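Okay, so here's the structure we're looking at.
No value in this document is a laboratory result; all are computed from the given coordinates. This one's a predicted model, so the numbers in the text were calculated from it and none came from an experiment. Because the Cβ atoms are built from the backbone with ideal geometry, glycine has one as well, and the counts that use them run over all protein chains shown.
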Amino acid sequence: MKKTVADFNLNGTKLVMMVWNRKRFFLLVGIIAFISSLAVSFLIHPKFQSTAVLLPAISTQPSKDIVVPNRVKGFIMFGEDEEVEHLLQVLSSETLMRTIVEKHNLFVHYSIERDSKHAWSKVATVYSKNISFSPTKFRSVKIQVLDTDPEYAALLANSIVEIADSLMRKTKQDMALRALPLFEEQYQFALSEIKRVEDSLSAVMKRGVLDLPYQAKELTSAYAAALTSGNSASAQRIKKEMENLGVSGGAFTRYLQEMLHVSQQMKDVKEALFIMRIEAAGEIPSQFVIDRAVPADKKAKPKRMTIALISTLSALFFTFFLLILIDFFKTMIEPDKGEE
């Protein structure tokens, strides 16, 4: 007689019956998984979490100050998205990571042989697992450090705050020191331009041009009055003064406008130079510390009950899936029984 392969039907009723018929087996698997995972979780060293929160200051980059007026307010203003991204970049930098590793000797703390192969890769992997940086919806940056020692976790978090500030100030300081001579030169050039325009304007004023609009109005009125009264001598004298005003008035107007323009340039360069000198000193903080890290009084990891529950559910699901496979292969191997 020819054997036929029975259909393997996975309907809901069959699955429920399969679980119900093996309920004791599933219960046993669940109990064993729960107890074993809970026991294993007690072998995991507890870790404590310390958190520091920073608000970056608005950038006072000198190159922006010459374009954007009143950037000096940045010394007391909080930063926006751009400054948050800059701070995150510094916190995630290789330079900061290596500085922290060297300063706190994390090779020893993380039990990694410094002379072993790929030692820096190993310590960087552990570092990234225990230390994280993330932006918040309030445009601040959160620094979170996990460690088996709560005091050490707080120490690392606060050290990262200080080193990040130092790196950002050092970057601005280096840029300012390189640009400072150029702006000093521009400032001296602006001073010489003001002196040149002042001398030219003084020369014109010595020719009797002091207030062009007022003088032109008064001379015109006086000339008209002299002509009306028939005083030709006075009219002739006033006419000569008006001709002199016409000759020197153009130069007066040009130098006056130039003086206003150079004075505005001088003001902008002076403000930028003032800020750059402060940044070159490296004394202005790049961030505001909202929360300094403190030692935690409660462990953050492991969540033993969560581990036990997830492990138990995973074991039950795996058992359920395994039983389905067993039933499937039984049906394929013994098709006659599958038809009964």
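Observations, loosely collected:
- Computed extension length for residue 185-residue 318: 40.3 nm, one decimal, from 0.36 nm per residue of separation with the Cα-Cα distance subtracted.
- Neighbour-count ranking [beta-carbon atoms within 10 angstrom, fewest first] of 32, 112, 160: 32, 112, 160
- Residue by residue, segment 83-94 carries 3J(HN,Hα) couplings of 5, 4, 5, 4, 5, 4, 5, 5, 4, 8, 6, 5 Hz when phi is fed to the Karplus relation 6.51 cos²θ - 1.76 cosθ + 1.60 (θ = phi - 60°); x denotes Gly or Pro.
- With the highest mean first, a sort of the peptides 179-185, 169-175 on other beta-carbon atoms found within 10 angstrom per residue produces 169-175, 179-185.
- Gain on full stretching of the segment that runs from residue 19 to residue 103 - 0.36 nm per residue minus C-alpha separation: 24.5 nm
- Listed by Cβ neighbour count within 10 Å, with the fewest neighbours leading, 268, 297 appear as 297, 268.
- Ascending count of other beta-carbon atoms within 10 Å, so fewest first, for 86, 45: 45, 86
- Centroid-to-centroid, using Cα positions, segment 120-196 and segment 273-333 are 27 Å apart.
- Amide H contacts under 5 Å for residue 57: 79, 287, 288, restricted to partners 5 or more places along the chain or on a different chain, H placed in the peptide plane at 1.01 Å from N.
- The slack in the chain from residue 192 to residue 305, taken as 0.36 nm per residue of separation less the alpha-carbon distance, amounts to 33.0 nm.
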